[in-house]
Every structure is written in structure tokens, then in C-alpha cells.
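The values are calculated or read from the model by the stated rules, or taken from the named source; none is laboratory data. What you see is a predicted model; the values in this text were computed from it and never measured. Note that we place each Cβ from the backbone using ideal geometry, even for glycine, and neighbour counts take in every protein chain shown. Just so you know, the surface numbers come from the protein's heavy atoms only, side chains and all, with ligands and any DNA or RNA stripped out. Shrake-Rupley method; radii C 1.70, N 1.55, O 1.52, S 1.80 Å.
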Amino acid sequence: MTYETNAGSIDQGDECMAGLLKVAGGLVVGFAILAIVVTLFAGGMDSLLAVLPDAVSGTLGGLLIIAFGVLLEHLETISRHSARQADLLTELLRQTPKGSSPHLASRDSAAKSLDQLAQSNFRFKEI
């Protein structure tokens, strides 16, 4: 399913990927902690020491997967809002000053550059 926003279309699959990564990371962490607890009760301290390095590395791997899911979620939010921020910046740059300014000549050239940019079809490639 695709949603239309100011930034363009956003695929619902991209939004689900962040949630999927967070859930998968949580499951990896949960299974690693479960392995520690089961080994402690079933095998005693010797088998716990044997399983502990694998369980700790599994826990850290799960936390890394969760962190990647959160990062992906933040990148989707940035991508969703970038077009609106570009429009706001363009409006801010095009506002004329209320009083006289020594930089009016540079503002006029900047306004011409913005007009040329607005006429072009250039768009940043969405990731």
C-alpha cells in the first residue's frame, strides 16, 4: 500500500521494515536471555559458563538489530519531512526585506537563482 504525502509516495512496506527489525531484535535478545536462564537451572554453573559467551553475543546482536530498526525509522521520518522543509526554506529565502539593506543586490541574484532552481525538474533521489 502506498501513501501520498508532501514528500511523495511512501511505501507501507518501508514503514513495516523498521517494526519488523525491532521485533526480530527483541526476539533474539529474548531467546539469548532464555538460553542463559534455562542453562543455569538445567545444567548448573559449568554449563552456564559454556553458554554465556554465545548468549552475550546473541544479546548484543539483537540489540544491534533493534538499533538498526530505530535508525531506519528515523531515516524514514527525515525523508518524509524533507520536501516540506525544502519548501519552507525556499519561502524563507524568497521573502523580501522590509527595510533597505546593503545586501539587496545579493538577494536579487539569489532570488533569480531560486527562480531558476524552481523551474528545473531536479529532485533528490529518494533512498
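For the range 40-60, the set of residues classified as surrounded by 14 or more Cβ atoms within 10 Å (Cβ to Cβ) and at pLDDT 90 or above consists of A55, G58, T59, listed by residue number.
On inspection, E73 does not qualify as acidic (D, E), open to solvent by 70 Å² or more (accessible area, probe 1.4 Å), within 23 Å of L21 (Cα to Cα) and at pLDDT below 85. Selection of first residues in the range 16-38 that are in contact (Cβ under 8 Å) with a residue 40 or more places away in the chain and of second residues that are open to solvent by less than 30 Å² (accessible area, probe 1.4 Å), restricted to Cβ pairs under 6 Å at least 6 apart or on distinct chains, gives the following pairs, ordered by first then second residue: A18/G69; L21/G69; K22/G69; G25/G62.
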